[in-house]
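The block underneath contains the structure these notes are about, expressed in structure tokens.
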Amino acid sequence: MASQKKLVVVLGATGSQGGPVVEHLLKHSSSIFRVRAVVRNSDSEKAKALAKLGAELAQADFDDEAALQAALHGANAVFCNTNYFDQNTIDSELYRALNVAKVASEIPELENFILSSLPDARDLFGGKYQRNFIYNSKAYIKEGIRKGFPELWKKTTVFYVAYYHQNWLKFPAVFGPIKQQDGTFILKMPHPGNFPVSMASSLDTGAIVDAILKAGSKYHNQTVALVSERMPEEKKLAIWAQAALGVKAVYQEVTPAEYKKGLQAAGVPVALAHGLMELSELIAREEDYVQPPGVIKGQDIVDRSYELTNWERYVKEEDWSSLL
């Protein structure tokens, strides 16, 4: 019966991570979980699609504590992913995430709180990246929950998702290859093209979250990471250009200052351009900072029948018409 199923509340349910979580749970674990998808607009096409799959819809904004209380009522598990780019400020993302944490901490039935996050860039590579605002915002959220809501923190699994395969399409001017007048594509990034990048498809988020939930309390106070593979940008570009699309593409390493200048020329505000510069300089490393020792690899806990999406498969399955 539905009342015997665990209620999983997914925040940001139409987003890059929340959507796949809702879909995977409903398609693969509906006998165990019922899913409430929290959206900003229940009349949107994405929200209607989730409802058609069987999700219960709840409309709430992270700024609205009363709406969050209604949306999270009775939850046995909560998946929380906030978005820095909603307002491009740490203060806004932190405020919203702590609103969620406050409400979640007051739910007596709550057993699991899965917090989508990122490594703390301030502590990486000798402290070089102090203004990687996207990563730093997630670090402040972790600190805020750990210190402000210690009982909730005991039930929390921190979840890292590596650099999205989808970033070239989601943010083409920032992360993607740009088409030139002669038809050639140039990918300009502020890191060596032969250094590996930890990456994953955001569509695989649901499979890892499902595994965490099915494990009960096993991953409380631990960090789980989703990384499908590590691949240099030069190789990514070659696979994209030759194996799948038959276009000419060139990788060009630029200085961080040149990269930042290019973002500003494209209309990105200076502070955000600096943060994106640090992020883009950071991601290509010989060491895997997304899943260092002590972080549980998602590929080790996911159902054995599930195959994470590698770059070559993603390229073949994706619609690239908007970039071409």
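Observations on the structure shown:
- Answer residue from the range 290-310, given it is modelled with pLDDT of 95 or more and of a type in the set (D, E, K, R) and is farthest from S116 (Cα to Cα) among those: E307
- Residue among S322, S305 that is touching a helix residue (DSSP H, G or I) at 6+ places or on another chain (Cβ under 8 Å) and surrounded by fewer than 16 Cβ atoms within 10 Å (Cβ to Cβ): S322
- Single match in E253, E258 (criterion: within 16 Å of F175 (Cβ to Cβ), more than 22 Å from the chain's Cα centre (by Cα) and either exposed (fewer than 15 other Cβ atoms within 10 Å of the Cβ) or free of Cβ contacts under 8 Å to residues at least 60 places away in the same chain (or both)): E258
- Verdict on I107 being among the hydrophobic types (A, V, I, L, M, F, W, C), surrounded by 15 or more Cβ atoms within 10 Å (Cβ to Cβ) and touching a Leu at 6+ places or on another chain (Cβ under 8 Å): yes
- Among the residues of this structure, V224 counts as one that is assigned to a strand (DSSP E or B) and more than 25 Å from E281 (Cβ to Cβ).
- Residues satisfying the stated conditions in the range 205-244, i.e. polar (S, T, N, Q) and surrounded by fewer than 16 Cβ atoms within 10 Å (Cβ to Cβ): S217, N221, Q222, Q242
- Check on R146, at negative phi, at pLDDT 95 or above and assigned to a helix (DSSP H, G or I): yes
- Looking across the range 146-175, just one residue is small (G, A, S), within 20 Å of M199 (Cα to Cα) and surrounded by fewer than 20 Cβ atoms within 10 Å (Cβ to Cβ), and that is A173.
- Comparison of M199, M189 shows that the only residue that is touching a Ser or Thr at 6+ places or on another chain (Cβ under 9 Å), farther than 30 Å from D303 by Cβ and of a type in the set (A, V, I, L, M) is M189.
- The range 115-145, subset within 18 Å of P292 (Cα to Cα) and acidic (D, E), residue surrounded by the most Cβ atoms within 10 Å (Cβ to Cβ): D120
- Every residue from the range 116-152 that is in contact with an Asp or Glu (Cβ under 6 Å, 6 or more places away or on another chain), over 17 Å from T223 (Cβ atoms) and not hydroxyl-bearing (S, T, Y): R131, N132
- Any pair with Cβ under 9 angstrom, 6 or more apart, that starts in the range 207-218 at a residue that is among the acidic types (D, E) and ends at one that is surrounded by 23 or more Cβ atoms within 10 Å (Cβ to Cβ) and at pLDDT 95 or above: D210/V21; D210/L25
- Tally of residues being within 29 Å of E278 (Cβ to Cβ), in a helix (DSSP H, G or I) and touching a residue at least 12 places away in the same chain (Cβ under 8 Å) across the range 104-143: 13
- Every listed requirement among (1) of a type in the set (S, T, N, Q); (2) more than 30 Å from W153 (Cβ to Cβ); (3) part of a strand (DSSP E or B) is met by S198 save one, (2).
- Failed item, numbered, when S92 is tested on (1) over 27 Å from L272 (Cα atoms); (2) part of a helix (DSSP H, G or I): (1)
The values are calculated or read from the model by the stated rules, or taken from the named source; none is laboratory data. These numbers were taken from a predicted model, which means no experiment stands behind them. All Cβ positions, even for glycine, are placed from backbone atoms using ideal geometry, and neighbour counts span all protein chains on display.
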